[in-house]
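Shown next, in structure tokens, is the structure this report addresses.
Quick note: the coordinates plus some simple rules give every number you see, no bench work behind them. Nothing here was measured: the structure is a model prediction, and the numbers come from that model. Reconstructed Cβ throughout: ideal geometry from the backbone, glycine too, with neighbour counts over all protein chains shown.
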Amino acid sequence: MRFWLLDRISSYEPDTELTAVKNVSLSEEYLADHFPDFPVLPGVFMLEAATQAGAWLVRFSEDFAHSIVVLHEARAVKYADFVTPGNTLQVRVKQQKSDERLVHFRFEGEVEGRISVSGRLVLERYNLADANPEQADLDARMIAHQRSTAELLTRGIDIAAAL
Amino acid sequence: MASEDEIFEKVREALVEALGVDDDEVTPEATLQGDLDAESIDFLDIVFRLEKSFDIKIERGELFPEDILTNVEYVEDGKVNDSGIAKLRERMPFADLTKFEAEPSVQNLGQQLTVKDMCNFVAFKLAA
Amino acid sequence: MRWFWIDRYTEFVSGSHAVAVKGVTLAEDHLHDHMAGYPIMPNSLVVEGMAQAGGLLVSERYEFRELVVLGKLAKAKFHSCVRNGETLTYRVKIETIRSDGAAVSGTAHVGDRLHAKATLFFARLGDANEALQGQRLFHPNHLRHWLSLVGIFEVGVHQDGTPMKEKDYPLTECATDPA
């Protein structure tokens with residue numbers, strides 16, 4: 001399985017907000033275990049989708065300055081509704097504040113106007129070279145790969161409108 | 001015994017943490033479900049935090065008497081009847097039920113519960 | 001990708017606490033995307049490990065007749081990066097349990113290193129839950145299989161120290177089984 005929890009980025013405004021979608025499909029293998037008789041998107045995957053949405057907003061906003069963007073903290077993440085196969089989760093992250101290490105977001109996921117998940121998350125960002133300058137090349141390779149993934153996820157989005 | 005202000009501060013902290021709202025959104029008149037978007041899973045969280053914060057024990061149905069609201073003896077056509085209202089007053093001496101009594105549909109009770117009601121509940125428990 | 005985020009329990013005390021482990025390995029697909037070039041165990045899956053370890057601990061209080069679902073992640077904080085070759089040890093504890101759900105606190109360590117701390121709230125769905133639309137989550141055989149895979153009955157004890165036995169639980173019938 002590819003660990004891409006977003007299928008498409010719909011819009012974004014740097015340092016402000018990003019919206020994206022994730023389709024839930026019966027072909028996602030893990031649904032066979034979650035749950036065998038009642039397949040639903042796991043709550044932590046809704047959190048992961050929001051995490052990835054926030055990470056992309058960070059990367060777009062700072063032009064891929066950091067190779068590592070990871071979940072540092074999650075709070076008040078509430079699961080209101082199941083998301084079943086055949087549905088699309090619309091994810092929205094809104095940036096609250098940031099400093100040189102951490103970026104804070106509020107997020108929501110909804111299906112056809114009904115909220116499935118809401119909460120807050122904090123992302124941490126850095127380069128491997130910060131701790132070990134020998135790893136600067138690895139950072140660069142990772143960032144190049146992230147840029148091409150971003151291109152796939154934003155293909156078709158009206159960049160002028162997005163900005 | 002904690003003062004009114006101390007109680008409000010701790011209740012506010014519990015609500016800010018549990019609901020992910022900002023400090024200034026938690027005013028005494030703010031309704032838990034309406035203004036602060038609290039849902040039933042949040043009540044489990046809020047009760048847990050209040051128990052820890054004030055060293056009290058809160059039984060299910062004490063803050064929010066779901067058992068009365070789902071009892072056919074006390075509810076007719078989705079509205080709480082007079083004996084139901086009397087029961088609620090008995091069980092919730094900390095809450096201001098005047099608005100609810102004017103329009104006693106079952107779903108209104110939850111929606112009208114305010115931060116002030118919650119503070120009064122804590123004071124009531126601490127005094128007991 | 002299978003949805004098993006703990007490998008095995010090393011300790012399980014009914015109604016109290018449990019310890020479970022999870023190995024992080026390059027054989028897992030998702031590490032090759034997260035992050036491509038530098039594998040890091042995603043923290044959302046660390047949460048799921050705690051949720052599974054704690055969820056079964058709570059379900060046992062309901063005799064494994066039903067599963068609970070994660071209703072709310074009140075707080076989770078992460079302090080490091082977990083890498084391939086490391087083993088996560090999850091320690092979970094029931095803080096409070098009622099008829100409608102439970103609060104569980106948990107930590108995740110790699111050796112002595114604290115990686116994460118979290119508080120989770122589980123909701124018990126019950127037979128009448130609308131969202132389930134009359135379906136059950138799990139056939140009892142699946143649940144019995146999962147419990148066996150993670151070794152619950154190999155290490156599980158009641159609070160008086162007597163071993164938990166599989167035959168003491170109705171794992172051949174389920175609360176949400178259609179009549």
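For B:Lys52, the lysines whose Cα comes closer than 17 Å to its Cα, not counting residues fewer than 8 places off in the same chain, are B:Lys10, B:Lys125, C:Lys75, C:Lys93. For chain A, the spherically averaged projection of the C-alpha convex hull amounts to 10.0 nm². Remark: relative contact order (chain C) = 25 percent; criterion is Cα-Cα distance under 8 angstrom and separation of 6 or more residues.
Restricting the calculation to Cα atoms, region A:86-131 yields a radius of gyration followed by a Dmax of 14.3, 44 Å. Contact order for region B:20-128, expressed relative to its length and based on alpha carbon pairs under 8 Å spaced 6+ residues apart, stands at 36 percent. One decimal place: the segment A:Glu28-A:Glu151 gains 42.0 nm when fully extended, by the rule 0.36 nm per residue minus the C-alpha distance. Helix C:140-149 and the long axis of chain C differ in direction by around 40°, with both axes built from C-alpha atoms.
Out of every Cα-Cα pair in chain C, what percent are more than 29 Å apart? In whole percent, the share of Cα-Cα pairs in chain C beyond 29 Å is 21.
Remark on chain B: ratio of C-alpha radius of gyration to 2.2 N^0.38 Å is 1.03. Overall, the anisotropy analysis places region A:118-160 in the oblate class: the square-rooted eigenvalues a ≥ b ≥ c of its C-alpha gyration tensor yield a/c not less than 1.5, with a/b not exceeding b/c. Straight-line reach only, C-alpha to C-alpha below 18 angstrom: list the aspartates and glutamates that B:Lys57 could link to, leaving out same-chain residues fewer than 8 apart. Straight-distance partners of B:Lys57: B:Asp42, B:Asp45, B:Glu66, B:Asp117, C:Glu95, C:Asp100. Per the Debye formula on identical point scatterers at the alpha carbon atoms of region B:42-103, with no solvent, log10 I(q)/I(0) at q = 0.24 Å⁻¹ is -1.01.
According to the Kirkwood relation over distinct C-alpha pairs, the hydrodynamic radius of region C:80-119 is 11.3 Å.
Show which lysines lie in cross-link reach of B:Lys99 when reach means a straight Cα distance below 21 angstrom and same-chain residues fewer than eight apart are skipped. List returned: B:Lys79, B:Lys87, B:Lys116. Put a dot 7 Å past the Cα of C:Asp7, heading toward its Cβ, do the same for A:Asp130, and the two dots end up 3.0 nm apart. Ranked from largest, the principal axis spans of the Cα set of region C:72-170 equal 42, 33, 29 Å. Once amide H atoms are placed 1.01 Å from N in the peptide plane, what residues at a sequence separation of 5 or more from C:Val68, or on another chain, have their amide H within under 5 Å of its amide H? Correct list: C:Ser59.
For the pair region C:89-107 / region A:50-91, the C-alpha centres are spaced 26 Å from each other. Our analysis of the protein assembly as shown gives Rg over Rh at 0.98, with the two radii drawn from alpha carbon positions and Rh computed by the Kirkwood formula.
Two decimals is fine: what's Rg over Rh for region C:1-81, C-alpha atoms, Kirkwood radius as Rh?
1.01
Restricting the calculation to Cα atoms, region A:5-53 shows an Rg/Rh of 1.08 when the hydrodynamic-style radius is the Kirkwood one.
Would you give the gap between the C-alpha center of region B:103-128 and the C-alpha center of region A:96-114, rounded to a whole Å? Here the answer is 31 Å between Cα centres.
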